Amino acid sequence: MARGTFEGGIHPYEGKELSKDKPIKSVLPKGDLVYPLSQHIGAPAKAIVAVGDKVLTGQKIAEAGGFVSAPIYATVSGTVKAIEKRRLATGAMCESIIVENDGLYEEVEFKPLKPYDEMTAEDKIAAVREAGVVGMGGAGFPTAVKFAPKEPDKIDYVIANCSECEPYLTSDYRRMIEEPELLLEGLKIAVSIFPNARGILAIEDNKPDAIAKFKELTKNEDKISVKVVKTKYPEGAERMLIYACTGREINSSMLPADAGCIVDNVDTLCAVCRAVKEGRPLMERIVTITGDAVVDPRNYKVRIGTNYRELLDDAGGFVKEPAKIISGGPMMGFALFDLDVPTTKTASALTCLTKDAVSEMEPTACINCARCVEVCPERLIPKNLADAVEHNNEKAFLDMYGMECCECGCCSYICPARRQLTQLIKGMRKIQLGKRKK
Amino acid sequence: MSDMRRVSSNPHVRAKETTSNIMMWVVIALLPTAGFGIYNFGVDALIILLLSVASCVLSEFIYEKAMHKPITVGDFSAVVTGLLLGLNLPSTVPFWIPILGGIFAIIMVKQLFGGLGQNFMNPALGGRCFLVISFPAIMTNFITDAYTGATPLANLKNGVEVNVMDMLIGRTAGTIGETSMICIAIGAMILFALGIIDYVIPFTYIISFVIFVGLFGGHGFNWTYISAHLAGGGLMLGAFFMATDYVTCPITPRGRFIYGLILGLLTGIFRIFGANAEGVSFAIVIANLLVPLIEKYTIPRAFGIKRNAKKEAKKA
């Protein structure tokens with residue numbers, strides 16, 4: 001059953017001490033704000049403003065482009081300067097709304113859909129949908145869709161993913177320490193949507209103060225409990241976390257709801273609370289600016305759309321020219337070739353490292369050491385999968401469950417021959433997913 | 001775009017361990033055994049070990065140079081091969097034996113099949129088997145100044161009494177590296193502690209071998225007899241240092257278990273029913289050949305995949 005952990009996984013250098021003890025700092029954007037229309041999984045949002053329009057803080061500037069989609073809100077007041085393609089952290093170009101900040105921060109009036117006590121489950125989901133809340137841990141799956149599974153009464157657990165297993169990141173941790181009530185309230189709202197659900201706060205055992213705090217807060221809650229999970233990467237991966245909390249296994253073609261679970265990230269639940277109780281759309285998130293190349297690594301409360309460069313400047317810039325800049329953490333993040341990229345709903349961190357471990361090492365011959373097999377949380381044989389990709393043997397790749405890979409990167413991390421295992425497997429998965437769509 | 005930076009696909013960090021430092025640890029773990037071999041058998045043993053290592057490293061270097069391949073001598077894998085080959089030779093062999101063995105191990109067994117990671121059998125054992133088959137008299141000449149000529153295992157086969165304590169310390173006849181159980185255990189402990197080798201292969205090997213010998217050895221589960229089998233030949237060196245050779249053992253967890261069983265079974269058959277007293281080298285070399293097959297049938301089911309998922313998918 002639920003053992004609080006999973007098989008495999010790795011223990012990379014955590015780097016959390018750089019930023020974990022500093023309080024969250026709010027920053028106001030100075031330059032233009034960029035709102036990519038695709039900050040989530042699903043159809044891109046559709047712009048509903050035109051160039052030259054005046055917008056207010058909290059005004060909807062793009063509406064959901066379909067069922068699996070999310071609206072986007074302006075996070076400052078100002079003028080729409082352009083609607084054009086801009087580069088995202090992933091390297092892709094995306095149609096974006098650019099707003100010139102007038103520095104006044106005039107807000108629209110926020111009011112909840114209904115008083116909280118009168119809200120039904122549908123009202124709550126509608127409020128979350130309207131607020132544009134998406135999974136803020138990285139995937140960006142629209143939360144309202146997640147909250148509306150086919151059979152809501154079969155959901156047994158809503159799991160708040162407080163494990164934050166990604167190295168260097170402390171944004172969820174700071175949120176848990178500074179605004180625990182907000183997170184708890186968000187979780188309670190999520191639990192209340194499902195008739196038979198219980199809430200679990202899954203916290204890694206390297207955050208004892210957060211565990212103590214939530215144990216205290218949930219002392220008198222009968223539907224919410226704290227589950228201490230083992231500190232290990234990728235504990236916070238959805239499939240691993242469900243297994244660690246409930247002992248249930250799901251594969252790549254199943255949704256957490258198939259195992260009776262809903263998993264939400266810390267920031268997401270906070271946004272859910274704001275959306276349902278106050279009617280505030282998703283406008284801000286916590287971003288960790290960290291790495292050994294940064295003068296003052298810390299967490300920021302950021303208005304979504306703010307340029308990464310502004311955050312970095314506030315953190316004092318670079319101690320030393322970084323060898324690599326990553327949007328997100330070192331295991332799952334995207335390397336940036338240019339800092340001129342906006343923060344989005346899913347931007348959790350900017351990690352600046354003085355050492356680029358990847359380019360220092362050339363891949364060498366595999367020695368079949370089986371370390372990749374030992375660390376793979378999905379029980380795959382990464383070595384064989386990578387070989388199949390190199391030989392372009394699609395059948396072998398599929399037969400050996402290649403599509404089950406969660407791209408966590410453990411195999412590439414551990415490989416003593418420095419093979420690009422995850423990268424090879426990921427490439428083939430993209431090809432196969434593309435074929436499925438056709 | 002003045003400050004374009006280097007990008008790569010995630011993950012962006014790597015563990016510290018590399019192929020060359022893993023190989024270096026294996027060399028370090030073999031040093032107690034080598035040291036005791038030199039102490040036990042004298043300066044000839046030292047010369048044989050050095051010649052064997054030099055022969056392996058040079059063969060690799062010359063082959064790669066001649067074939068215009070990248071030079072990979074720096075990964076220490078040829079040093080490990082050379083050391084293991086030397087430890088598997090008697091101290092009485094003429095000095096051309098380790099040289100010839102090293103050349104065969106590296107060129108024939110390793111490089112011709114594509115170099116590191118591609119060889120289908122353990123190069124050191126391939127080299128040793130080549131020598132044993134070609135020069136049987138030289139390769140089983142265990143006469144030294146200090147001890148009687150036969151190895152404990154040969155004595156056991158011929159019904160001569162053996163001393164278990166001597167075998168633990170290593171004051172017996174045998175190849176340079178196989179005599180001292182204590183030194184081999186120290187080396188194995190280093191590798192276990194660093195997580196370089198796993199427990200499955202050596203222990204399934206040893207346990208299945210003990211059961212086989214107990215059932216078919218003709219002495220039942222007699223403690224002295226079994227411990228003489230365990231400590232009197234190359235079993236321990238083979239189980240901890242050669243059966244666990246990454247390249248030639250299965251990568252799948254279940255496969256490793258099966259591989260260990262096959263090793264125990266084959267070693268038992270060779271030792272009890274075979275003409276030679278020893279059987280570890282041949283057992284490992286033959287089991288090496290079965291590895292691709294074992295791997296093919298032991299691919300684990302991925303996380304979250306149900307037992308009959310494939311059959312159901314076919315039906316649907």
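Remarks
- Stretching the chain fully between B:Ile186 and B:Ser227 yields a gain of 12.9 nm (0.36 nm per residue, less the alpha carbon separation).
- Under-5 Å amide H pairs with A:Ile97, H placed in peptide plane, nonlocal only: A:Tyr35, A:Leu37
- Global size of the protein assembly as shown: 31.3, 102 Å for Rg and Dmax (C-alpha atoms, Rg to one decimal, Dmax whole).
- Over all orientations, the range A:59-176 has a Cα convex hull whose mean projected area works out to 10.5 square nanometres.
- Hull volume in cubic angstrom per residue (convex hull over the Cα atoms of the range A:218-273): 114 Å³
- Cβ crowding within 10 Å averaged over residues, with A:125-137, A:418-430, A:169-181 ranked highest first: A:125-137, A:169-181, A:418-430
- The range B:28-135 shape via C-alpha gyration tensor axes, a/c threshold 1.5: prolate
- Alpha-carbon centroids, the range A:407-435 and the range A:193-272: separation in whole Å: 27 Å
- Label-to-label distance, nm, for residues given as A:Asp53 and A:Asp296 (7 Å Cα→Cβ offset): 3.7 nm
- Within-10-Å neighbourhood charge of A:Met176 [Cβ basis; K, R +1; D, E -1]: -1
- Over all other residues within a Cβ to Cβ distance under 15 Å of A:Lys301, the charged ones net out to +3, with Lys and Arg as +1 and Asp and Glu as -1.
- Shielding by partners, peptide A:324-332 (average Cβ within 10 angstrom, other chains): 4
- Whole-Å distance, taken between Cα centres, linking the range A:133-163 and the range A:338-388: 27 Å
- Annotation: lysines with alpha-carbon distance below 27 angstrom to A:Lys219 (same-chain offsets under eight excluded): A:Lys20, A:Lys124, A:Lys154, A:Lys188, A:Lys207, A:Lys227, A:Lys230, A:Lys232, A:Lys277.
- Using 0.36 nm per residue and subtracting the Cα-Cα separation, the extra length available between A:Gln432 and A:Ala2 on full extension is 151.5 nm.
- Peptides B:42-51, A:83-92 ranked from most to least packed, by the mean per-residue count of other Cβ atoms within 10 Å: B:42-51, A:83-92.
- Residue pairs, from the table A:Lys85/A:Lys345; A:Lys25/A:Lys223; A:Lys146/A:Lys223, whose Cα atoms sit over 28 Å apart: A:Lys25/A:Lys223
- Mean Cβ neighbour count within 10 Å, used as a protection proxy, ranking A:29-36, B:242-249, B:13-20 highest first: B:242-249, A:29-36, B:13-20
- Percent breakdown of C-alpha pair distances by 10 Å bin, ordered from the shortest bin, for the range B:19-298: 7, 31, 39, 19, 3, 0
- The calculated P(r) of the range A:287-384, using every Cα pair and 5 Å bins from 0, goes 3, 13, 20, 18, 13, 10, 9, 9, 4, 1 in percent.
- Extension gain from A:Lys320 to A:Glu362, taking 0.36 nm per residue of separation minus the Cα-Cα distance: 12.7 nm
- For the range A:149-264, the fraction of alpha-carbon pairs in successive 5 Å shells from zero, as %: 2, 13, 23, 24, 20, 12, 5, 1
- Within 10 Å of each Cβ in A:366-377, the average number of Cβ atoms from other chains: 6
- Candidate membrane-span-like segments in chain B, meaning DSSP H helices with Cα atoms spread over at least 27 Å of their own axis and a Kyte-Doolittle mean of 0.0 or above, are B:19-41, B:43-66, B:253-273, with no membrane implied.
- Nearest-0.05 FRET efficiency for A:Glu63 and A:Phe110, computed from C-beta distance (R0 25 Å): 0.90
- Shape box of chain A [Cα atoms, principal axes, largest first, Å]: 63, 50, 48
- Amide N proximity, the range B:242-283 versus B:Leu215 label position 7 Å along Cα-to-Cβ, cut-off under 15 Å: B:261-270, B:272-273
- Backbone N under 17 Å from the A:Lys46 label point (7 Å along Cα→Cβ), restricted to the range A:58-86: A:60-73
- Rg and Dmax, both from the Cα atoms of the range A:197-237 and both in Å, are 10.7, 31.
- If R0 equals 51 Å, the separation of the Cβ atoms of B:Lys306 and A:Glu181 corresponds to a calculated FRET efficiency of about 0.80.
- Cα shape, the range A:34-115, gyration tensor, a/c 1.5 rule: oblate
- Calculated FRET value between B:Phe203 and B:Ile286, using beta carbons and R₀ = 25 Å, to 0.05: 0.80
Values quoted throughout were computed directly from the atomic coordinates according to the rules given, and no laboratory measurement underlies them. From a predicted model like this one, the values you see are computed outputs, not experimental measurements. Positions of Cβ are backbone-derived with ideal geometry, glycine not excepted, and every protein chain shown enters the neighbour counts.
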